[in-house]
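Before any comments, here is the structure.
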Amino acid sequence: MKKLRFLLSLHTRDNDYQVAQAASAERIARKLGIDLEIAYADNDAVNQSTQILNAIQARAESRPDAIILEPISTIALPQAAGAACAAGIGWAVLNRTPDYVKQLRRTASAPVFAVSVDNHEVGRIQGRQFVALLPKGGAVLYVEGPSRSSSAQKRTAGMLETKSRDIQISTLKGEWTEQSAQRAVRSWLKLATSQKASADLVGAQDDSMAMGARKAFQEIADLQEQKRWLSLPFTGCDGQPETGETWVREGLLAATVYIPPFAGKAIEILANAIKSGTQPPEHALTAPYSIPPLETLARRKS
């Protein structure tokens with residue numbers, strides 16, 4: 001059997017979780033002897049679509065055997081998915097469960113499936129962390145991912161399900177990067193309303209964005225005000241060993257939600273399905289968990 005060639009399309013190099021996704025994919029590709037190309041779309045859905053369509057439309061000898069996509073757009077490039085399946089190219093979607101997967105699987109000759117974390121549960125865990133950290137209630141400045149992202153939407157919905165009624169949420173928008181959150185908080189601090197705002201916790205849907213928020217508060221000229229903001233608990237999501245988990249250990253984050261990187265798992269599923277000529281299960285789900293454990297977090301505040 002010829003050596004398999006896969007293309008992995010990710011959002012950006014400027015996000016610790018995307019870096020972890022790439023590392024997990026590279027590790028499994030090396031283990032399985034698969035040629036892996038990684039393309040970064042710089043958080044631009046049009047750029048991502050162009051990169052993928054160019055790969056699908058390449059000469060047969062240059063085409064990948066499968067494409068693994070972590071989509072920037074909520075709709076997850078249905079036209080590109082259809083073109084890939086028509087060309088006999090496998091298609092795996094990360095962190096989304098688009099409706100078109102079920103339809104394409106009916107006629108596709110190559111594997112089509114989705115792998116994701118339970119983003120609702122990510123949000124639920126973060127909401128429980130808020131309760132553990134603010135047992136008497138309070139105000140949270142919450143940095144969400146982009147509005148177009150279903151992951152961000154699901155995390156917000158899950159958080160709102162489990163936070164207590166006496167915890168109030170004020171939201172800012174980021175783009176899953178440290179720099180975007182730093183800009184969002186910096187802009188918010190310039191507003192007259194922010195001068196009167198009180199917060200008891202800063203939460204972000206991503207560890208990089210939590211650290212970006214910290215950096216924005218470090219820029220405050222009034223040292224007393226800066227100290228007040230930086231003394232608050234900060235929380236994020238992703239919890240990778242070299243970033244979020246380390247930041248919790250160092251006290252820069254009070255808590256994070258661990259999300260296992262699953263690009264490598266998608267490559268493994270694709271390789272097995274291609275070799276066996278079968279369709280894998282339509283959707284594989286990974287489970288998040290709290291760092292530190294919720295009971296530990298609650299004890300620290302009691």
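The values are calculated or read from the model by the stated rules, or taken from the named source; none is laboratory data. Just so you know, these numbers come straight off a predicted model, no measurement behind them. Counting neighbours? That spans all protein chains shown, and the Cβs are built from the backbone with ideal geometry, glycine included. Heads up: the accessible areas ignore ligands, DNA and RNA and are worked out on the full protein's heavy atoms, side chains in. Shrake-Rupley method; radii C 1.70, N 1.55, O 1.52, S 1.80 Å.
Among the candidates ALA86, ALA108, ALA132, ALA92, single out the residue that is in contact with a strand residue (DSSP E or B) (Cβ under 7 Å, 6 or more places away or on another chain) and hydrophobic (A, V, I, L, M, F, W, C). None of the others qualify; the one that does is ALA92. With open to solvent by 40 Å² or more (accessible area, probe 1.4 Å) and either of a type in the set (S, T, N, Q) or touching a residue at least 24 places away in the same chain (Cβ under 8 Å) (or both) as the only criterion, which of LEU36, LEU10, LEU4 stands out? The conditions single out LEU36. Pairing residues of segment 141-164 that are over 18 Å from VAL185 (Cβ atoms) and among the basic types (Lys, Arg) with residues that are open to solvent by 30 Å² or more (accessible area, probe 1.4 Å) and in a strand (DSSP E or B), at Cβ distances under 9 Å and at least 6 apart in sequence or on separate chains, gives LYS163/ILE169.
Considering (1) buried (at least 21 other Cβ atoms within 10 Å of the Cβ); (2) out of contact with any strand residue (DSSP E or B) (no Cβ under 8 Å at 6 or more places or on another chain), the lone condition that ARG300 does not fulfil carries the number (1). Scan segment 215-227 and give yes if some residue there is under 22 Å from the mean Cα position of the chain (by Cα), in contact (Cβ under 8 Å) with a residue 12 or more places away in the chain and either surrounded by fewer than 16 Cβ atoms within 10 Å (Cβ to Cβ) or part of a helix (DSSP H, G or I) (or both), otherwise no. For segment 215-227, residues under 22 Å from the mean Cα position of the chain (by Cα), in contact (Cβ under 8 Å) with a residue 12 or more places away in the chain and either surrounded by fewer than 16 Cβ atoms within 10 Å (Cβ to Cβ) or part of a helix (DSSP H, G or I) (or both): present.
Output the residue which, of all residues in segment 96-124 that are open to solvent by 10 Å² or more (accessible area, probe 1.4 Å) and of a type in the set (A, V, I, L, M, F, W, C), is nearest to ASP65 (Cα to Cα). Selected residue: ALA110. Among residues that are among the aliphatic types (A, V, I, L, M), under 30 Å from MET211 (Cα atoms) and open to solvent by 40 Å² or more (accessible area, probe 1.4 Å), ALA60 is not included.
Here is the figure for segment 43-82: residues that are within 17 Å of LEU270 (Cα to Cα) and not in a helix (DSSP H, G or I) total 8.
Residues considered: GLN205, GLN153, GLN195. Of these, the only one that is under 27 Å from PRO260 (Cα atoms), open to solvent by 40 Å² or more (accessible area, probe 1.4 Å) and not hydroxyl-bearing (Ser, Thr, Tyr) is GLN153. If I filter segment 228-271 down to residues being open to solvent by less than 40 Å² (accessible area, probe 1.4 Å), out of contact with any Phe, Trp or Tyr (no Cβ under 9 Å at 6 or more places or on another chain) and part of a helix (DSSP H, G or I), which single residue comes out as nearest to LEU134 (Cα to Cα)? Here the answer is VAL248.
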